[in-house]
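**Student:** Mind looking over this structure? Questions follow.
Coordinate-derived values only; no laboratory data. Predicted model, so just to flag it, every value in this text is computed and none were measured. Heads up, the Cβs are rebuilt from the backbone with ideal geometry, glycines too, and the neighbour counts pull from every protein chain shown.
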Amino acid sequence: MKAGKWTLFGVPLAIVAIVVMLVVPIPSILLDILISINITFAVLVLMMAIRVKSVLEFSAFPSVLLIATVFRLALNISATRLVLLHGFAGSVIESFGHFVVGGSIVVGLVIFFILFIIQFVVITNGAGRVAEVAARFTLDAMPGKQMAIDADLNAGHINEAEARLRREKISKEADFYGAMDGASKFVKGDAIAAVIITMINLIGGFTVGVLQNHLGLTQAISTYSLLSVGDGLVSQIPALLLSVSTGLIVTRSAGENDFGLDLLSQFKSQKHAMTMAGGIIAGLGILPGLPKLPFILVGSVVYIIGRRNNAQADASAKVEKEEPKVIAPLPLDTPEALMNTMKVEPLTLELAIDLLDLLDTPMGGDLLDRVRGLRRKIANELGLVLPPVRTRDNIELAMTEYAISVHEVQVAKGRAPQGRSLAIGGDLHLIPGEMDKEPVFGLEAKWIPSSMKQQAMMMGATVVDRSSVITTHLSEVVKRHAGELLSRQQVKELIDAIKKGNEAVVEELGAAGINLSEVQRTLKDILDEGVPIRDLTRILEAITERARVSRDPDNLLEAARVALGPSIVSLKLTDGELPMITLDGLVTTHLMETLKITEAGLTLGADPTYVRRVVDEVGAIFADSETKGKSPVLVVQPKLRAATYRTIHPLIPRLSVISTAELGGSYRPNLIGVVSLVNASAI
């Protein structure tokens, strides 16, 4: 609570006090204390700038620069007032004016202007330029970083919370460098103001001493001019420290350690640099005409330190030397070994030889990590525990190609050229590269050199790396074949997990005589239609209830879908709106009257030409809606849903078919079109 009150009132009051100092005289003893605080604060800021591991750890630095600049100018004005009125501005300024510069105004001015040149010409200009460039490049890189976060999120490599944190960090970095671009102008302006104030103080002090107090020239210089120089030096030293802090902050790269540890570790990593430098410097001492002692002494010390680092590095290398690899014996020709070779992998990702760098983690390959993240993502989205993805090379694949197989049947193929990124959208004709199709949605795309990623993004393209392309393609394949990947053993494990918290549901399932194959068939049909099975408890409750009346697979599926109705509808909403297509009464009646039962279940038994006409009209409305950015669903009567889905899905795979019994939850219906016997009229 006390800390909170201090933050709430203390900082604003301190800023107000600084402003008051500009107009209200203060005693010399208080000025001494405030000057000491100013120097201490500058040293503290410098230490923080050295110790931070990331610029965001000192995100208040731009505001600190402004406050410190105003505080220093307020001290200048207070000191000027005391010097001109009383010829004394406290012990600190007097010490700097007499002791530090030896009582010589010429020496004091020389030192002052050297400090000014160091601060203004070297440090401030460099820091300002770095801040300006950093701000520009940070803003230019924001879209690319956001796309990378979205790609990692879509691949399941990170969760939503971590993605949000990364986006906030990117936004804060952009805000920080933008603020530092402006704050560097404070430092530059402060350096110029220090020179002007010192010159005004010199002229004003000399004038007051000679004309107002009738002092001699020597005494006026001794009293007023030296104090003015002392005041300039007292202000210039903390200003220089803050300029150095600014340079350190804007040139700091994020790392695991602070600046000091990074510097030492990087020096140590270059084993021979110090020994070579020490040898060269010691060699200079041998040259005739140059002083021998300083060069040989310093060179020898550096050489000895370098030799010690080399010895430590060699000792570490011996300790970390890899043990001889033991080659495992070849598997015996046993039935168990042969059974392992006969095993069919549920899901396989095969890579061409030149794509194996994506699997090399030490070299930056992250494909395996992304695939593991994809398993978590699928589990959270679909409720399906994806079997391990077998990743291996395949020399039969052409260079740059990869293939995805389900139960060792190839179902998808794509390309991922080495050293390239996939650019989608934008002015692709302006970017050099190789045209291709985006593997999931078939969009026009181009494989561009990875070095041109920023240029492509500036032209409006979405750029994704090779690992993201493969992982996204794999994710789409898994969703399309989720039903095939659901094994009976997985169903048993899912039911066992439900039993731990809902034992009654599993007991009723057994009492109703429903076996694992029936549950698997229902769950498979649900997944095949793109509906998650995460709410397994409600699914089991629904099929248990329906099984008392009918064990027909279609009836069990429809009962489960009705139970999941609100969830199904929520998947199809766009801003709370459900765009839908319906069949008119005559079409519905005719199709229901012609339903027939086959081995595959209920099918539409109407004349094939009539059915094809209905499908074509549904497809026309659906295609027209997609061009307008809407993805409607087809809403039919419950008895028609299964048969209609079987007929339409092979022809319009992106169209979802739901029954009126599934319409639940909170949504706004938007009727896109009605299929009649004549045509499909858009509403």
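**Student:** Take every Cα-Cα pair in the range 486-563 and report what % of them are more than 20 Å apart.
**Tutor:** 19
**Student:** Which of the pairs LYS377/LYS572; LYS492/LYS524; LYS169/LYS628 have their Cα atoms more than 24 Å apart in this structure? Kindly include the intermediate steps, with their values, before the conclusion.
**Tutor:** On the way: LYS377/LYS572 19 Å; LYS492/LYS524 14 Å; LYS169/LYS628 35 Å.
Checking Cα-Cα distances, LYS169/LYS628 exceed 24 Å.
**Student:** Residues in the range 569-600 near a label at ASP535, defined as backbone nitrogen under 12 Å from the 7 Å Cα→Cβ point?
**Tutor:** 569-571
**Student:** Report, by chain and number, residues whose modeled amide H sits under 5 Å from the one on GLY365, excluding near sequence neighbours (fewer than 5 apart, same chain).
**Tutor:** ASP360
**Student:** LEU13 versus ALA161, label points 7 Å from Cα toward the beta carbon: distance in nm?
**Tutor:** 3.9
**Student:** Right, here's the next one. If we count every other residue with Cβ under 14 angstrom of MET399's Cβ, Lys/Arg +1 and Asp/Glu -1, where does the sum land?
**Tutor:** -3
**Student:** Return, for the Cα atoms of the range 341-481, the radius of gyration and Dmax in Å, separated by a comma.
**Tutor:** Both quantities, over Cα of the range 341-481: 15.5, 51 Å.
**Student:** Need the C-alpha centroid separation for the range 500-551 versus the range 34-87, integer Å.
**Tutor:** Between the Cα centre of the range 500-551 and that of the range 34-87, the gap is 71 Å.
**Student:** By how many nm would the segment from ASP360 to THR589 lengthen if fully extended, with 0.36 nm per residue of separation less the alpha-carbon distance?
**Tutor:** Result: 76.4 nm gained on full extension.
**Student:** Sorted by average packing, counted as other Cβ atoms within 10 angstrom per residue and highest first, what order do 72-79, 428-435 take?
**Tutor:** Values: 72-79: 22.0, 428-435: 13.0.
Highest mean packing first, the order is 72-79, 428-435.
**Student:** Something else now. To the nearest 0.05, how large is the calculated FRET efficiency for GLU408 and LYS53 if R₀ is 45 Å and r is the Cβ-Cβ distance?
**Tutor:** Working: r = 49 Å, r/R0 = 1.08.
According to the calculation, E is roughly 0.40.
**Student:** A further question follows. Please arrange ILE117, ILE196, ILE249 by how many other C-beta atoms lie within 10 Å of their C-beta, fewest to most.
**Tutor:** ILE196, ILE117, ILE249
**Student:** Also, quick follow-up: With a Förster radius of 41 Å, plug the Cβ-Cβ distance of HIS429 and LYS500 into 1/(1 + (r/R0)^6) and report the FRET value to the nearest 0.05.
**Tutor:** My answer for the efficiency is 0.10.
**Student:** Right, next: Report Rg(Cα)/(2.2 N^0.38 Å) for the range 270-312, keeping two decimals. List each step's numbers first, then the result.
**Tutor:** Numbers: Rg = 10.7 Å, N = 43, 2.2 N^0.38 = 9.2 Å.
Relative to the 2.2 N^0.38 Å estimate, the range 270-312 comes out at 1.16.
**Student:** Right, here's the next one. Please list 182-191, 239-248, 611-620 highest first by mean number of surrounding beta-carbon atoms within 10 Å per residue.
**Tutor:** For the peptides 182-191, 239-248, 611-620, the packing ranking is 239-248, 182-191, 611-620.
**Student:** LYS343: which aspartates and glutamates have alpha carbons under 20 Å from its alpha carbon, excluding same-chain residues fewer than 8 sequence positions away?
**Tutor:** In chain and number order, the partners are ASP333, ASP393, GLU408, GLU484.
**Student:** Arrange the peptides 459-470, 505-516, 169-180 so that the one whose residues have, on average, the most other Cβ atoms within 10 Å appears first.
**Tutor:** The packing order, highest mean first, is 459-470, 169-180, 505-516.
**Student:** Which FRET efficiency value, to the nearest 0.05, is calculated for GLN212 and ASP175 with the Förster distance at 45 angstrom and r the Cβ-Cβ distance?
**Tutor:** 0.30
**Student:** Report Rg(Cα)/(2.2 N^0.38 Å) for the range 568-683, keeping two decimals. Write out the running numbers ahead of the final one.
**Tutor:** On the way: Rg = 13.6 Å, N = 116, 2.2 N^0.38 = 13.4 Å.
Here the answer is 1.02, to two decimals.
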